[in-house]
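Below: the structure, in structure tokens.
The values are calculated or read from the model by the stated rules, or taken from the named source; none is laboratory data. It should be emphasised that the depicted structure is a prediction, and the values quoted were computed from it without experimental measurement. Neighbour counts are summed over all protein chains in view; Cβ atoms, including those assigned to glycine, are modelled from backbone coordinates with ideal geometry. Each accessible area value is taken on the protein alone, full model and side chains, heavy atoms only, with ligands, DNA and RNA left out. Shrake-Rupley method; radii C 1.70, N 1.55, O 1.52, S 1.80 Å.
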Amino acid sequence: MHLTRQPKIRDPDQFPTTQLFLLAIVRLAEPIALTSIFPYAFPLVKRFHVGNENDASFYAGLLISAFALAESLTGMYWGGLSDRVGRKPVLLLGCLGTMLSMIMVGFSSNIWMALLGRACGGFLNGNIGVIQTMVGELVTKPEHEPRAYSIMPFVWSIGTILGPAIGGYFADPSASFPDTFSPEGLFGKFPYLLPNLLCSGLLGISIVAGYFLLFETHPDMQPRVSLPDSTYTSEETPLIATADAIKTPAVDLRADAYGTFEGSDDSTWRNNNTKVKPVRIFTKRVIAIIVALGIFTYHSMTYDHLLPIFLEDDKSEPLSSFATSVGGMDIFHMSGGLGISIQKVGVIMSINGIIALFVQAVIFPFAAQYFGIHRLFILVSILHPIAYIVMPFLVSLPESWVTLGIYACLTIRNLLSILAYPVLLILLKEATPSPSVLGKINGLAASAGAACRTVAPPVAGYLYTIGSRVGFTGIAWYGSAFVAIIGAIQCFSVKRAKTEVTEEDQWDAGDCNSRSSSSTASETSSLLRE
């Protein structure tokens, strides 16, 4: 099968630059497609005339959350399917499902069709877990993990910058570009079709690139013999694999049972009666890491949801009955937002993306090497509540200090958030008991994350509404800080990985040998696993 056939063996000692680049291309189209709806979700719902106009924000939230909700229900299924049929087919099917979702939303004439389109995209998309699995299988050397695991969040940040730009610029083109698009034409009847078609085109490009150039990474679908491209073959070449016999002997004389000759076809019936001990997926460490990932995803999503609301919300006078002075500032005199214009908020969000890219590309690899993966995880988990506690104090700053304060808060948040996510992915890979269940575990983690992303926006929005009524909008930020504090306590339940690799814990002998191929690699491995 072309989708799962890998043309050659990849050198495990080399950093998989080309394959990670191709995987990044496939990954980039997805956040662009998913976030392009953010700028026009509110006017799209208002166009459908659902309930009162004041309810439009609620239905817009449902429209955005529908994808994550559906994704949370099927993420583990797609991960398990990728363990059986391969990563590449499931990945391409996820991109195809997202294309179908966007086209349905673009042609929607009512809220229910739009919700169905978003839900279909979530049901058919398990790419978050599958991509994490592919990165884990491409990277076999621990010293490569920090750099590799920072690439996908880096790409996601680029997509979340480009996606809203496409959605906002090309939405309702008959009004924005009346000389090019007629109000009586297709894009006049469906004003939000054009950005969806553009994003679908990007997804189509990623599908083509992935189909022809991306390798299958499933361990059971790798080539068994590595021969040079210049190897001579003729009619006299034996059918049974005898070339390169020193590297891959037909019989392993060290084994208790000789087994079968490599290249023969009788392995199926010989292994039919072999009882394979099922791998235990839900170990204490795996569960603890997935819980930590869910907590992090929840409070991180509340930040993303509250930030533009807080920046754009009008300033209002606080209620004196809540006054409690701390350091010259009244911590309960934090009513309303900062009253910043939409245009300036767009600039702030773009700069926020640039900060995130810098942290991912430069700071994360250095921090992972300096602290070690486990220590870095503990550190960012303990410090994470600070990112939420400092946000309400921005309303108390003098006008000339507000911009500087915003970027300082965003820098603190990105330092903690961007470092936390790839660290959690590395810990999850290390905790996986066998590569045969890596896809299923990453699918479960993706489902847990999607479920938390579904719940976070309405809860944070509800707390902000309550805060606006009582004159204390900081309650929403402190609610997120409370969840982050729970995460800081829970992080200690994630035990440190074993420093000594036992026969039961190692995935396979080849992986173990590659990791101990040099003293430098061993030292780096022990450092990263601290």
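If you check Ser108 against the conditions, is it of a type outside the set (A, V, I, L, M, F, W, C) and open to solvent by less than 30 Å² (accessible area, probe 1.4 Å)?
Yes, satisfied.
To keep it simple, each residue is scored yes or no on (1) more than 23 Å from Leu197 (Cα to Cα); (2) under 16 Å from the mean Cα position of the chain (by Cα).
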{"residue": "Phe67", "(1), (2)": "no, yes"}
{"residue": "Val85", "(1), (2)": "yes, no"}
{"residue": "Lys88", "(1), (2)": "yes, no"}
{"residue": "Leu96", "(1), (2)": "no, no"}
{"residue": "Val105", "(1), (2)": "no, no"}
{"residue": "Ser108", "(1), (2)": "no, no"}
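Answer yes if at least one residue in region 449-456 is among the aliphatic types (A, V, I, L, M) and in contact with a Leu (Cβ under 8 Å, 6 or more places away or on another chain), and no otherwise.
Looking for residues that are among the aliphatic types (A, V, I, L, M) and in contact with a Leu (Cβ under 8 Å, 6 or more places away or on another chain), one finds at least one in region 449-456, hence yes.
Of everything in region 176-203 that's more than 16 Å from Ser108 (Cα to Cα) and among the polar types (S, T, N, Q), which residue is surrounded by the fewest Cβ atoms within 10 Å (Cβ to Cβ)?
Ranking the qualifying residues of region 176-203, first place goes to Thr180.
Using beta carbons and a limit of 6 Å, which pairs, at least six apart or on different chains, have the first residue in region 396-409 and over 17 Å from Asp314 (Cβ atoms) and the second one open to solvent by less than 50 Å² (accessible area, probe 1.4 Å) and assigned to a helix (DSSP H, G or I)?
Sorted first by the residue in region 396-409, then by its partner, the pairs are Gly405/Leu394; Cys409/Met391.
Which condition breaks for Gly159 when tested against (1) within 29 Å of Phe48 (Cβ to Cβ); (2) open to solvent by 60 Å² or more (accessible area, probe 1.4 Å); (3) not polar (S, T, N, Q)?
Checking Gly159 against (1) within 29 Å of Phe48 (Cβ to Cβ); (2) open to solvent by 60 Å² or more (accessible area, probe 1.4 Å); (3) not polar (S, T, N, Q), the one that fails is (2).
Condition check: assigned by the TED database to the domain that holds Met113, farther than 30 Å from His305 by Cβ, modelled with pLDDT of 80 or more and not polar (S, T, N, Q). Does Phe190 satisfy that?
When the stated conditions are applied, Phe190 does not pass them.
Just to be sure I understand, how many residues within region 325-340 are modelled with pLDDT under 75, open to solvent by less than 60 Å² (accessible area, probe 1.4 Å) and part of a loop (DSSP other than H, G, I, E, B)?
Here is the first cut: in region 325-340, the ones modelled with pLDDT under 75 are 325-336.
Now narrow it down to the ones that are open to solvent by less than 60 Å² (accessible area, probe 1.4 Å): 330-331, 333-336.
Checking the rest, the ones that are also part of a loop (DSSP other than H, G, I, E, B) come to 331, 333-335.
Of the residues in that region, 4 qualify.
Checking the structure you have, find out if any residue of region 151-164 is assigned to a helix (DSSP H, G or I), among the aromatic types (Phe, Trp, Tyr) and under 19 Å from Ala41 (Cβ atoms). Quick ask: steps written out before the conclusion?
Within region 151-164, the first condition is being assigned to a helix (DSSP H, G or I), and the residues that meet it are 151-164.
Checking which are among the aromatic types (Phe, Trp, Tyr) leaves us with 154, 156.
Pick out the ones that are also under 19 Å from Ala41 (Cβ atoms) and you get none.
No, the conditions are met nowhere in region 151-164.
Taking the condition of being open to solvent by 20 Å² or more (accessible area, probe 1.4 Å) and not β-branched (Val, Ile, Thr), how many residues in region 73-89 meet it? It would help to see each step written out before you state the result.
Within region 73-89, the subset open to solvent by 20 Å² or more (accessible area, probe 1.4 Å) is 73-74, 76-78, 81, 83-85, 89.
Still in the list and also not β-branched (Val, Ile, Thr): 73, 76-78, 81, 83-84, 89.
Adding up the residues that qualify gives 8.
Matching residues to (1) outside any helix (DSSP H, G or I); (2) surrounded by fewer than 16 Cβ atoms within 10 Å (Cβ to Cβ); (3) touching a strand residue (DSSP E or B) at 6+ places or on another chain (Cβ under 8 Å):
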{"site": "Ala367", "(1), (2), (3)": "no, no, no"}
{"site": "Tyr370", "(1), (2), (3)": "no, yes, no"}
{"site": "Ser381", "(1), (2), (3)": "no, no, no"}
{"site": "Leu419", "(1), (2), (3)": "no, no, no"}
{"site": "Val423", "(1), (2), (3)": "no, no, no"}
{"site": "Pro433", "(1), (2), (3)": "yes, no, no"}
